[in-house]
Structures are given as structure tokens and as C-alpha cells.
1. If you roll a 1.4 Å probe over the chain with all protein chains in place, what percent of the accessible area is carbon or sulfur?
2. Take every Cα pair under 8 Å in segment 149-300 that's 6+ residues apart, average their separations, divide by the length, and report that relative contact order as a whole percent.
3. Using the alpha carbon gyration tensor of segment 81-133, what are the three equivalent-ellipsoid semi-axes (square root of 5 times each eigenvalue), largest first, in whole Å?
4. Probe radius 1.4 Å, ligands and nucleic acids left out: which of Met228, Met46, Met194, Met101 has the largest accessible area, and how do the rest follow?
5. Listed here are the pairs Lys60/Lys216; Lys60/Lys102; Lys200/Lys238; Lys2/Lys42; Lys7/Lys216; Lys42/Lys149; which of them are more than 28 Å apart at the Cα?
6. For Val44, enumerate residues with amide H under 5 Å from its amide H, sequence gap 5+ or separate chain, H modeled in the peptide plane.
7. What percent do you get for the relative contact order of segment 1-96 when only Cα pairs under 8 Å and 6+ apart count?
8. Counting only protein chains, not ligands or nucleic acids, how are Lys102, Lys200 ordered by accessible area (probe 1.4 Å), most first?
Amino acid sequence: RKDLFEKLYPADFILEGIDQIRGWFNLLFVASMVAMNNCSFKAVYMHGFINDAQGRKMSKSLGNYILPREVIMEYGADTLRYYMIGGASPGIDVNYNFEDMKVKHKNLTVLWNLHRYAIEMAKNLSINPSNLSVPEEKLDVEERYIFSKLNSAIKRMAELFDSYSLNEAPWQVEELFLELSRTYIQLTRDKSSMGSEEEKKIVLHSVFSVLLESLKLFAPIAPFITEMIYQNLRQEFKLKEESIHLYAWPKPRQELIDQELETSMQAISEIVQSALAVREKIQLGSRWPLKELVVAVKDE
């Protein structure tokens, strides 16, 4: 298949361990130059070794090794991929930690619950969100925020993948779907339960749109759960594309990005988190009213 070789050669990038510099990708480079007068890859992404939580090399003699199967059977293959891609800087060893793995698994549960929320809401309203179209002037500040966050993430994810900053990519999409769940859905609870028909449609449209785009961004990192969620959405809402992996990469809409709004929301979020931390410290539940809350800021 000379035609395929000519189309695919040289590879955009290859992935190899730190022990393969001389024995593999350097040799590959030399052999390719000798044979083809051309390098066989445009970029190489190098990863380190996996150590135990204390930074020691995993070995049978120390009894500190963990089989990938153990992790996959407990948390799933996607959790392992998601944890490893985001947790390992290029060329640096990673210290495997079960606690960090649990956090990633929990985040995937949030993503799963988001699609259940969208399906449930669509059933209650008897509406197919894939057919919904909402004019931008109808969007409130919380919708403008989550769509700004989405388009910022799309733009940033493309930049990270293009520059092979693979370890930073999961954080971007993770922040997006966690914000959709913890901020947007929380802010629109009244609208989605007691609001007008139009308000409920806007919430459904926003949740579905941001979720679908998040799945496209997250698919290379967590291919199995994104496909499973997509197939459920496809079945419910008669989506045309056979697989999440067949969609084109999303393009950001620059006009929907509002950096000032995102920064303001970040500040509000930090204030709320600090206030909750203080409540926990003095053991005063969030339902109890406060006489006064003083926010001391370093930045005016």
C-alpha cells in the first residue's frame, strides 16, 4: 500500500518512554534518514516511568508494583488514561496515587450524571434539545458565562493539542464540565424547576450544547465513557452521527468569549469557597444565616 505510506509518512508524532531515546526514536531517526533521506516522525512525545506513591521504582522485590488490570477493574480504563495523561509531565516520572485516581473517577461520575440530567429534563419537557435554537439576546448572565467558558476551552484545547502540551489538555475540559455541573446547573435550579417554559428550554439547550461539545473535546482522552454517553444521547435524541469520534473538532466562536465575565465568576467562586471553608471551621452549616461576612481582598 504505497499510496497509504505516501499519505501517512512521516508520522505527525510518536509516543515513547524515556528509556527509548537511543534504542528506538534516535535509531528510527537515523535509519529513516539513511533509507529515505527523511525523518519518519515530525515530533516525539516522551513520557517517564511510573513510580509508587513515595516516588520509588515499582518492583516485585519491593512488592510495591500495581498491575494496570487492578486499576482498570476497579476504576475503568478511562480513569487510568485520564489520570495518566493529565498527571504526567513530558519526560518526568509519575508517582502513582490511588487518592488522585479516585478524584478522577469521581469527576467522570459528574460527567455521567450530566447526561442523565439532560435526558431527564428533556423527557419532562417533551423536547428534543438537538432541535432547539435559542437567540443570543435571550441568554442571561449564567448562560453567557457557560458559553464563554465553553468557547474559551475549545480555543485553548486546540492550542494545547497543536503544541503537544497533552498533559494540560484534560484540565481544560475537566474544568468546563465541572463548571457546567457545579456552577451553571446550581445557578439555574429555580429556572429549570419553577421557571417559564422558555426559561426551561434555555437551560436544556445550554446543558445539552455544552455537554455535547465537552464530549467532543474529551473523546481523545476518555474514549469509552464519552462514546457510551454519546450513544445514550443519540438513542434519546435521534442524533445523526454514528459515534462521538466521527465529529469534526469544534471551532471556537470568538464573539461568545467574555474574559471579564469569566474572571468575575472566578472571583465570586473563590469568595464562596472561602466563606464555606470558614463556616466549616466554626461549624456553622450553610443554611444558617450570617449577621455579617467580611471579604478582605488583596486585589482591589
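1. Heavy-atom surface of the chain belonging to carbon and sulfur, 1.4 Å probe: 54 percent.
2. Relative CO of segment 149-300 lands at 24 percent.
3. Working: eigenvalues 268, 34, 4 Å².
In descending order the semi-axes read 37, 13, 4 Å.
4. Greatest to least solvent exposure: Met194, Met228, Met46, Met101.
5. Values: Lys60/Lys216 40 Å; Lys60/Lys102 24 Å; Lys200/Lys238 21 Å; Lys2/Lys42 20 Å; Lys7/Lys216 26 Å; Lys42/Lys149 32 Å.
Beyond 28 Å between Cα atoms: Lys60/Lys216; Lys42/Lys149.
6. Ile14
7. On the way: 100 pairs, mean separation 29.3, N = 96.
Here the relative contact order equals 30 percent.
8. Sorted descending by solvent-accessible area, the residues read Lys102, Lys200.
The values are calculated or read from the model by the stated rules, or taken from the named source; none is laboratory data. This structure is a prediction, so every number in the text was calculated from the model and none was measured. For accessibility, only protein heavy atoms count, side chains too; no ligands or nucleic acids. Shrake-Rupley method; radii C 1.70, N 1.55, O 1.52, S 1.80 Å.
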